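This report refers to the structure that appears directly beneath it.
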Amino acid sequence: MTRLLRRYLRPYATPIVGVLILLLVQAIGNLYLPTLQGDIINEGVSKGDTDYIASTGIFMLIVTFVVGAASIVGVYLSAQVAMGFGRDVRSAIFRQVEAFSQVEINKFGTPSLITRNTNDVQQVQTLVFMAFALMISAPILIIGGIILAVRQDVPLSGLLVVVLPLMVAFIAIVMSRAIPLFRAMQVKLDRINQVMRETLAGVRVIRAFVRTDHEEKRFDDANVDLFNTALRVNRLFAITIPVMTLILNLSTVGVMWFGALRVDSGQMPIGNLTAFMQYLLQILFAVLMAVFMFIFIPRAAVSAGRIQEVLETEPSVHDPEHPVKPAVVVAVAPGSGGNGRDGHDRRDGRVGTGGRVEFRDVEFRYPGAQDPVLRDVSFVAEPGETVAIVGSTGSGKTTLVNLIPRFYDVTDGAVLIDGVDVREMDRADVWRRLGVIPQKAFLFSGTVATNLRVGDEAATDEQLWAALSIAQGRDFVQEMEGGLEAAVTQGGTNVSGGQRQRLAIARALVKRAGILIFDDSFSALDFGTDARLRAALDREMGWATRLIVAQRVGTIMKADRILVMDAGRIVGIGTHTELLASNETYREIVYSQLSEAEAAA
């Protein structure tokens, strides 16, 4: 926790110094007031000196006003520092998670990452605020109070030697039991978030399989588990305040008893006893404040450790120290007349040189896996080509295309774009060259236009409509209220699966990338829409490299080349006709969907 605080509080050095000065002023004022009160009793009341009483009383009012003003400004600055600290840590976690590869995302889990960026940050932020309000003042009041109490009467101060170690020992016992419970609470809070997230995401599956009662029980189990742990923590702290209050009251009784004996014997003035009582109360209340802080510290320490774990995790996929940049990609806007297999841009005659994808003896295995998912994968996709990838479920098709944008890095071999290993390129440079349409289309809350402009913020409405035309989405968008400005809910839940898929394809086309990756992106489309979309891609985006992962044979029959995958290996490369004649795996896939006559057509 110390490293986290030191790192993210450093920018607030100036207001922190201001807070410390104000807290020091406040503590000194509070420590000085009992002495003034004792002087009034000893010098003013006992001698009947009203002028001394009046002048000292006015000075006490001034000190009280200064202490109050310092307290108000100090709390304001403390809140400013604490809120700024929380903002910076949340931002740092978000940026770190954005840099994570899928390996790190899977390691932590989405629910845990959300908890760490919300609840855990809140715990540490609260500690920072309370530290300035209580933790810094408490040691000053305790140490200063002890010194000034000893000045009032040394023998009576012997009570502090008994009381303070007793309080410290009790607090230490409570903390030793509380820290493991707080750590368990955060883990169980992660579990609550995980169950809730799974239930919301899979609500249709749960209802379809009549698993509502099962999910309710699963949530109740996680909820009761968290409840029991939280109850144990609260029971532990429930005895803390009564015990501390008991010690405080017994100490007060002891001071009154022994102090009265010393006053009666003339060994101690009554004003000094009054001041000593005030200092004792200040010391014990400061210890109570420290106890309140100790309630926050264990949980905040656990939260800080969880935050630090995220911030210190080195992404397995990272940018090279000296990145290499391939040749510039010449992109053609959708609908601008760019064509063909020759790579020419019809607008100005330039030749597009980017978009070549090469796999060289690629092997990939997931972290901790015994066997590789992909092995000995080698092929080349040239600009202007359509390369299809087919295979049975689990053959490694999606894993293969995920290596191109560096969602994962190969464990052996190399993936190259325009002759450069993607591991030697900046990831942003890699991503700029790609248009990726994943298996599960995801749309952001906003409008159709804002979703499409994720591909290119500067895209005009004409370019958006052109991309929609290629993606066969123009008609249904025109029918939506507002057209391009029609509202889209988070995840695109207010449009059908096929419409969501076409909007995702249009978004990638707006980007005008030289490499388009369709990861089973046509599965939600009917045969007619599928055929029209592929024809439009050939016509308008023929200059781009197109990699198509598909289960439907009709989608890939006219591809320039087809890669047949089985158990992580490429077992066949060729055209539809060539593979149908020579590759048994491909024939099995084809004849499971088409008749011999349809396959030969």
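The values are calculated or read from the model by the stated rules, or taken from the named source; none is laboratory data. Everything quoted here is computed from the prediction, not taken from an experiment. So basically every Cβ, Gly included, is an ideal-geometry build from the backbone, and we count neighbours across all protein chains shown. Areas reflect the complete protein model, heavy atoms only, side chains present, ligands, DNA and RNA absent. Shrake-Rupley method; radii C 1.70, N 1.55, O 1.52, S 1.80 Å.
Which value, in debye to the nearest 20, describes the size of the charge dipole of the stretch 1-108 about its Cα centre when Lys and Arg Cβ atoms bear +1, Asp and Glu Cβ atoms bear -1, and nothing else is charged? Provide the component values of the computation, followed by the final result.
Details: 9 positive and 7 negative charges, 183 e Å.
Approximately 880 debye in magnitude.
Based on DSSP H runs of at least 4 residues, each adding -39500 (n - 2.57), what is the mean residue ellipticity at 222 nm of the chain after dividing by all its residues, to the nearest 500 deg cm²/dmol?
On the way: 23 runs with 353 residues, N = 601.
Mean residue ellipticity, 222 nm, calculated: -19500 deg cm²/dmol.
For the stretch 47-166, treating each Cα as an identical point scatterer without solvent, what Debye log10 I(q)/I(0) comes out at q = 0.10 1/Å?
Taking Cα atoms of the stretch 47-166 as identical point scatterers yields -0.61.
Note down the accessible area of Thr118, probe 1.4 Å, to the nearest 10 Å².
Accessible area of Thr118: about 80 Å².
With the radius of gyration and the Kirkwood radius both derived from the Cα set of the chain, what is their ratio Rg to Rh?
In the chain, Rg relative to Rh is 1.18.
What's the center-to-center distance, using Cα atoms, between the stretch 55-120 and the stretch 186-264 in Å?
23
Compute the acute angle (0 to 90°) between the alpha-carbon long axis of helix 50-99 and the principal axis of greatest extent of the alpha-carbon atoms of the chain; round to the nearest 10°.
That helix lies at roughly 20 degrees to the long axis.
To the nearest 10 degrees, how steeply does helix 13-39 sit against the main Cα axis of the chain, on a 0 to 90 scale?
20
Taking the Cα centre of the chain as origin, work out the dipole magnitude from +1 charges on Lys and Arg Cβ and -1 charges on Asp and Glu Cβ, in debye rounded to 20.
On the way: 58 positive and 61 negative charges, 183 e Å.
For the chain, the charge dipole is close to 880 debye.
Give the carbon-plus-sulfur fraction of the accessible surface of the stretch 77-230 in %, rounded to a whole number; probe 1.4 Å, heavy atoms of protein chains only. Spell out each step's value before the answer.
Details: 5250 of 8130 Å².
Whole-percent figure for carbon plus sulfur exposure: 65.
Give the residue from Leu141, Gly202, Val163 lying farthest towards the positive end of the charge dipole for the stretch 105-220; charges sit on Cβ (+1 for Lys and Arg, -1 for Asp and Glu) and the dipole is referred to the Cα centre.
Of Leu141, Gly202, Val163, it is Gly202.
Could you pull out every one of the lysines with an alpha carbon less than 18 Å from that of Lys217, ignoring same-chain neighbours closer than 8 positions?
Once the sequence-local lysines are set aside, what remains near Lys217 is Lys188.
Taking 25 Å as the cut-off for C-alpha to C-alpha distance, list the pairs among Lys325/Lys440; Lys325/Lys558; Lys107/Lys397 that go past it.
Among Lys325/Lys440; Lys325/Lys558; Lys107/Lys397, the Cα-Cα distance tops 25 Å for Lys325/Lys440; Lys325/Lys558.
Please calculate how many Å² of accessible area the stretch 508-583 carries per residue, with a 1.4 Å probe and no DNA, RNA or ligand atoms counted. Write down the numbers at each step before the final one.
Values: 2570 Å² over 76 residues.
Dividing the accessible area of the stretch 508-583 by its residue count gives 34 Å².
Of all the stretches in the chain, which is the longest one without any exposed loop site, taking GluC sites (Glu not before Pro) in a DSSP loop (any state but H, G, I, E, B) with at most 15 other Cβ atoms within 10 Å?
Of all site-free stretches, the longest is 1-311.
Just report the Cα centroid separation between the stretch 566-601 and the stretch 364-432, whole Å.
23
For the chain, build the charge dipole from Cβ charges (+1 Lys, Arg; -1 Asp, Glu) around the Cα centre, then report which of Val454, Val253, Phe100 sits farthest towards its positive end.
In the chain, that residue is Val253.
In degrees, nearest 10, range 0 to 90: what is the angle between the Cα axis of helix 158-201 and the longest Cα principal axis of the chain?
Approximately 20 degrees, to the nearest ten.
Would you mind getting the Kirkwood hydrodynamic radius of the stretch 389-466 from its Cα pairs, rounded to one decimal in Å?
For the stretch 389-466, the Kirkwood estimate is 15.0 Å.
Taking the Cα centre of the stretch 446-556 as origin, work out the dipole magnitude from +1 charges on Lys and Arg Cβ and -1 charges on Asp and Glu Cβ, in debye rounded to 20.
Approximately 340 debye in magnitude.
Compute the Kirkwood hydrodynamic radius of the stretch 21-113, taking the inverse of the mean of 1/r over all pairs of distinct Cα atoms, and give it in Å to one decimal. Before the final figure, lay out the partial values.
Working: mean 1/r = 0.0571 Å⁻¹.
Result for the stretch 21-113 stands at 17.5 Å.
Got a sec? Charge dipole of the chain, +1 on Cβ for Lys and Arg, -1 for Asp and Glu; which of Ala301, Ser55, Val17 is way out at the positive end?
The residue sitting most towards the positive pole is Ser55.
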